1. Can you tell me how many residues within segment 192-219 are under 29 Å from Gly119 (Cβ atoms) and of a type in the set (Ser, Thr, Tyr)?
2. Condition first: at pLDDT below 50 and surrounded by fewer than 18 Cβ atoms within 10 Å (Cβ to Cβ). Can you find one or more residues in segment 27-43 that meet it?
3. So is Gly81 surrounded by fewer than 17 Cβ atoms within 10 Å (Cβ to Cβ), without any contact (Cβ under 8 Å) to a residue 40 or more places away in the chain and not β-branched (Val, Ile, Thr) or not?
4. Kindly indicate the residue of segment 549-576 that is in a loop (DSSP other than H, G, I, E, B) and farther than 14 Å from Glu533 by Cα and also modelled with the highest pLDDT among those meeting that condition.
5. Yes or no: Pro197 buried (at least 19 other Cβ atoms within 10 Å of the Cβ) and out of contact with any strand residue (DSSP E or B) (no Cβ under 7 Å at 6 or more places or on another chain)?
6. Just one of the numbered conditions (1) modelled with pLDDT under 90; (2) in contact with an Asp or Glu (Cβ under 9 Å, 6 or more places away or on another chain); (3) surrounded by fewer than 18 Cβ atoms within 10 Å (Cβ to Cβ); (4) not acidic (Asp, Glu) is not true of Leu461; which one?
7. Within segment 425-440, is there a residue that is closer than 21 Å to Asp396 by Cα and either among the polar types (S, T, N, Q) or more than 42 Å from the chain's Cα centre (by Cα) (or both)?
8. Listed residues Arg317, Arg285; which is touching a Phe, Trp or Tyr at 6+ places or on another chain (Cβ under 8 Å), of a type in the set (D, E, K, R) and touching a residue at least 60 places away in the same chain (Cβ under 8 Å)?
Amino acid sequence: MNALYRSAALAALLAAASPAAMAQTVSNDRVYLDADELIQDQQQGLYIARGDVRLQSGERVLFAQELIYNPALNRVVASGGVQIFDGSEPAQFAEEVELSDDLREGVARGFATLLENNGRAAAGAALRRPDGSVELSNAYYTACELCESGEDEPTWRLRASRVVRDTQNKVIYYRNVRLEVLGRPILYSPVFAHADPSAARQSGFLFPVLNSSNRLGFSYQQPYLWAIGPSQELIVSPRYMGKVNPLLQLDWSRRFYSGEMNVQTSFTYEQEFDQDGKFGDEELRGHVFADGLFRFNQNFRWGFGVEAVSGDLYLRRYGFEESPDRADGLFEIRDQRMLLNQVFFIGDGEHFHGDATVIHFNKLQENVDDDTLPLISPLIRFGAELPMPRWAGDLDFSFNTANLQRNAGDDYTRASLALDWTRPTILPGGLRAEAFALARADAYAFNETDASGNEIDSTNLTRSLGAAGLDLSLPFVRPGESVNWLIAPRMAAIIASSDNADSTPVNVDSLSIEFQQSQLFDAARANGYDLWEDGARLDVGLTVAADWRGALPGELEVFAGRSFRLDGDQRFPASSGLADDDSDWIGQIELDLGQFDLDARARIDSESQEINRLDLTAGFDAWRVSMNTRYTRRTDAASTRQLEEVTASAGFAITEDWSVVYDGVIDLEENEIRRQRAGLQYRDECTSLRILWERDNIDVANLGPSDSVKLEIVLFTLGGLSDD
């Protein structure tokens, strides 16, 4: 029917209806009407519904206090708190609406609507077309919450004389638009457009990136998003800099049925430069970061990572991250100035895991010859759980091989097979006993070369290794009315076979070892395969934990332990804490009081009682203050580099929305602040603003300290001005 049961049907319906509420279930070409009162005005030819009116046509539903239907004009006029819902589209509100009888087109006065992603629009008048698009007059758009009284202005809004929401192309167009901040206009444009909040993504200009630094001068970067297809996009970002030639950055990503690939690249034609100016010839310079991860099937994947630059200082000069995000890469490196390229394959199953990787390194340091860095081709790791009766424990098989080739330096190849058996059990009295054994076979091949790269010697060796032991722990638990206690002593006795001097390989993969709690009870404590700890040893540790309730509830856990070598040779580096027969003490304290938490880890010399390593982390979050601090000290005389530094961050909320922030790194050994950042930030439900000052006080080659000021603005649903 044209509206309420196609006029004639509606007349019959109204004639038969009582003044009480009525309803009629309809098919797709019918309209459902529900109201407290229904009136037929025969003189004017009108049908009137009053009181909690509900009108439905298909998925379109209208609520109002009064509805007047004119069958001669096929028009419906609704007034009094009008609300319109159309399927999954956001709700629309108006003081009065005049609609066609199928509710598809019409005019509204005092119009407002909610959009996807918390967008809001309002207008003095609105026109809805049959295709679903909406044209607004004297309108505004914002993502901010609106004050019910209307006294307070939103943080920002776009106000325009005319706004058209194109629902088919997912774009909102503006005519004579101005950006208002707290009710005051700050920008104007005769025309403007942005993607509809419901759109997944649209091609168009993104917010620019602005900053100023002593190295590059004023910088303006204007990104443009090209939505190539539903699964592919390219962001083109030319950057103008006051002190050097322009740079072009490209960010491309594509999703496939089996995975995804991302590429970031930049290039410029410029000389080298430092604080004192430019030097050398103009050349094409740039970088490429790329990664991908793809799935063969449910159990097998492959991926790659590419990191290449035209010079060691290019990334630092132009403000790119020297340790890029390797989220899809299989391996990461702690050295922030080391790039790596990798191709890998991964296999996962219910009872196995394996991967194979080829890795190439590039050190961003002028005094390092990259030819001395190895090409790992390949590194293969495989582990599987072997079937065993439950009473017999768990048996794991592993295979590991590495092949390192250098253009200038020694070559190294190793292959290892291992079986690892464990059998835990609970004995009377609550004593937990875990017997374990490890058997391993290694094969090595070394090629020694001179400074010219000529092979001068080659060595092949094999060795068989084994270790066995018993791990005992006895936890005591004492619940209390206000405090629960746990005391858990632990001891492990381990004996391991020895490899004689003829079967001891060059130590390549276990050069850096730092004794800590996670290694204390391991059968093999080296972090690689080359170094083997032989002989007999005894490991002991004690954990005391408590949790309590009351006015200040919290949790506390304290651990202390050490290792005693009863027999065997000293194999670990002097700075590791495991070099002597009696190891360093290791301890850890964890305290959580809700608003305050503390984590302290220490390694203490067993003879002098001096602290060789201390890591102290504390956090506080209460009232308007949030703080996080980490103190690190490494003073072991055998360490190649002494370290003492503090990393701190803090924030103070001036108001509910405004706050000041600071973070920095202080090198106490050199008595200088290496990096710091301070700024003012504003954040509410629709806006994020940060003004940040940064100083990087590090000399790298001919690049000295850098200072910069950055402005970051994000208007939610519209986009942002940020360098992230």
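The values are calculated or read from the model by the stated rules, or taken from the named source; none is laboratory data. These numbers come from a predicted model, not from an experiment. Glycine gets a Cβ as well: all are built from the backbone with ideal geometry, and neighbour counts include every protein chain shown.
1. 2
2. yes
3. Details: surrounded by fewer than 17 Cβ atoms within 10 Å (Cβ to Cβ): yes; without any contact (Cβ under 8 Å) to a residue 40 or more places away in the chain: yes; not β-branched (Val, Ile, Thr): yes.
It is true that Gly81 is surrounded by fewer than 17 Cβ atoms within 10 Å (Cβ to Cβ), without any contact (Cβ under 8 Å) to a residue 40 or more places away in the chain and not β-branched (Val, Ile, Thr).
4. Step one: list which residues in segment 549-576 are in a loop (DSSP other than H, G, I, E, B), which gives 549-553, 566-573.
Filter again for farther than 14 Å from Glu533 by Cα, leaving 549-553.
On the way: Arg549: 90, Gly550: 83, Ala551: 82, Leu552: 88, Pro553: 93.
Here the answer is Pro553.
5. On the way: buried (at least 19 other Cβ atoms within 10 Å of the Cβ): yes; out of contact with any strand residue (DSSP E or B) (no Cβ under 7 Å at 6 or more places or on another chain): yes.
Yes: the conditions hold for Pro197.
6. The one condition Leu461 does not meet is (1).
7. Within segment 425-440, one or more residues are closer than 21 Å to Asp396 by Cα and either among the polar types (S, T, N, Q) or more than 42 Å from the chain's Cα centre (by Cα) (or both).
8. Arg317
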